[in-house]
Amino acid sequence: MNLNPVLIIQNIFNGLMVGGLYALIAVGYTMVYGILRLINFAHGDIMTMGIYFAFYAVVLMKMPFFVGVIFSVFATALLGFLIDRIAYKPLRNAPRISALITAIGMSFFLESFAVVFFGSNYKSFMKVLGKNSSVIFKTYKVGKIIIPQISFIVIGITILALLILFYIVYKTKIGMAMRAISTDIPTTALMGINVDMVIGFTFALGSALAAIAGIMWAMRYPNFYPYTGFNPGLKAFIAAVFGGIGSLQGAVLGGFLLGLIEVMLITLFPSVMQYKDAFAFLILIVILVIKPSGLLGKRSIVKV
């Protein structure tokens with residue numbers, strides 16, 4: 001067991017950074033599940049598309065870095081909206097298994113699309129960062145503790161994005177409509193709310209957050225390829241279940257906890273690094289056995 005206090009403190013920041021990225025992706029899962037009771041398994045691949053959009057906006061279209069990031073967020077939001085309209089909307093009244101199979105198929109489609117159009121080789125996000133990389137990868141030293149600036153950037157942007165999300169969901173009319181639909185779709189429709197448009201907005205919002213998470217993931221781990229979002233997407237799904245899928249607060253809590261647990265496990269027990277993914281799935285199994293509704297989830301009665 002490695003009990004080096006300097007290493008532990010450094011990796012607490014690293015764990016918060018990774019956990020924040022999981023949280024940003026997890027809220028996308030939980031918003032869609034809260035409304036449609038659907039696990040959008042294509043969500044991790046949507047994150048990957050966000051990375052590619054930013055990459056080509058800067059490298060090919062010669063946009064400034066921050067303009068390219070904004071372009072990517074909006075393009076990915078549009079992609080999420082179109083995925084709902086094309087793949088999921090026709091299945092609103094179909095059995096849930098049909099939508100689930102479609103979600104898995106959409107995941108494979110996006111991965112194959114990226115391979116065909118973007119290539120299967122790794123690309124470096126350092127081309128996107130350009131001269132900004134010297135600022136992003138600057139480090140701060142306090143005594144023996146070294147903390148990279150990227151940790152503060154990711155944690156700060158994550159918190160800001162989550163605050164904006166919570167404001168939208170709890171303080172705006174569209175957020176009120178989202179919460180109403182998550183409770184009772186038929187009644188909400190009878191009240192004159194455009195249910196399909198609100199659901200499409202939910203997909204767009206979750207996809208935009210996935211793009212932000214993807215860009216920050218690529219800033220932290222610069223080499224990416226068409227399957228980059230698969231693993232963090234699965235981890236974010238575990239985080240959503242861990243915290244209580246359907247609960248925004250649960251998704252955020254689950255994301256940060258999973259990131260901290262994962263990083264601290266490797267810090268304390270370096271020899272288990274190759275098993276860190278298996279440990280994440282072990283957490284999923286344990287939470288499903290002990291508390292299937294998750295840490296902050298609520299049990300509900302479903303009529304069949």
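The values are calculated or read from the model by the stated rules, or taken from the named source; none is laboratory data. Note that the coordinates shown come from a computational prediction; the quantities given were computed from them, not determined experimentally. Glycine also receives a Cβ, built like all others from the backbone with ideal geometry; neighbour counts cover every protein chain displayed.
For region 61-99, the set of residues classified as of a type outside the set (Gly, Ala, Ser), under 15 Å from Gly50 (Cα atoms) and in contact (Cβ under 8 Å) with a residue 40 or more places away in the chain consists of Phe65, Val69, Val73, Phe74, Thr76, Leu78, Leu79, Phe81, Ile83, listed by residue number. In region 141-181, of all residues being assigned to a helix (DSSP H, G or I) and polar (S, T, N, Q), the one that is nearest to Thr202 (Cα to Cα) corresponds to Thr158. Ala210 passes every criterion in (1) under 20 Å from Phe118 (Cα atoms); (2) at pLDDT 95 or above; (3) over 16 Å from the mean Cα position of the chain (by Cα) apart from (3).
Checked against the criterion of being buried (at least 17 other Cβ atoms within 10 Å of the Cβ) and within 21 Å of Asn223 (Cβ to Cβ), the candidates Tyr33, Tyr88, Tyr22, Tyr29 yield just one match: Tyr22. When region 37-66 is filtered for residues that are farther than 14 Å from Ala77 by Cα and in contact with a helix residue (DSSP H, G or I) (Cβ under 7 Å, 6 or more places away or on another chain), the ones remaining, listed by number, are Arg37, Leu38, Ile39, Asn40, Phe41, Phe55, Ala57, Val58, Val59, Met63, Phe65.
Each residue in region 236-281 was checked for being more than 20 Å from Ile25 (Cα to Cα), of a type outside the set (Ser, Thr, Tyr) and part of a helix (DSSP H, G or I), and 8 of them qualify. Confirm whether Gly233 is farther than 26 Å from Pro90 by Cα and crowded, with 24+ Cβ neighbours inside 10 Å. No; evaluated as a whole, the condition is false for this residue. The number of residues in region 93-135 that are under 18 Å from Leu60 (Cβ atoms), among the aromatic types (Phe, Trp, Tyr) and surrounded by 13 or more Cβ atoms within 10 Å (Cβ to Cβ) comes to 3. Would you mention how many residues in region 105-140 are closer than 15 Å to Thr48 by Cα and outside any helix (DSSP H, G or I)? So the count comes out to 7.
Within region 1-30, being of a type outside the set (Val, Ile, Thr) and under 18 Å from Gly214 (Cβ atoms) holds for Met17, Gly19, Gly20, Leu21, Tyr22, Ala23, Leu24, Ala26, Gly28, Tyr29. Where residues in region 142-169 are of a type outside the set (A, V, I, L, M) and at pLDDT below 85, which of them is surrounded by the fewest Cβ atoms within 10 Å (Cβ to Cβ)? The qualifying residue surrounded by the fewest Cβ atoms within 10 Å (Cβ to Cβ) is Gly143. Within region 167-186, the residues that satisfy the criterion of being of a type in the set (Val, Ile, Thr) and out of contact with any helix residue (DSSP H, G or I) (no Cβ under 8 Å at 6 or more places or on another chain) are Thr172, Thr183. In region 13-33, the residues that are more than 12 Å from Ala240 (Cα to Cα) form Cβ pairs under 9 Å with partners that are of a type in the set (Asp, Glu), at six or more places apart or across chains, as follows: Gly15/Glu262; Val18/Glu262. Taken over region 195-225, the criterion of being of a type in the set (Ser, Thr, Tyr) and part of a helix (DSSP H, G or I) is satisfied by Thr202, Ser207.
Quick check, is Thr102 part of a helix (DSSP H, G or I), in contact (Cβ under 8 Å) with a residue 40 or more places away in the chain and either touching a helix residue (DSSP H, G or I) at 6+ places or on another chain (Cβ under 6 Å) or not aromatic (Phe, Trp, Tyr) (or both)? Spelling it out, it is not the case that Thr102 is part of a helix (DSSP H, G or I), in contact (Cβ under 8 Å) with a residue 40 or more places away in the chain and either touching a helix residue (DSSP H, G or I) at 6+ places or on another chain (Cβ under 6 Å) or not aromatic (Phe, Trp, Tyr) (or both).
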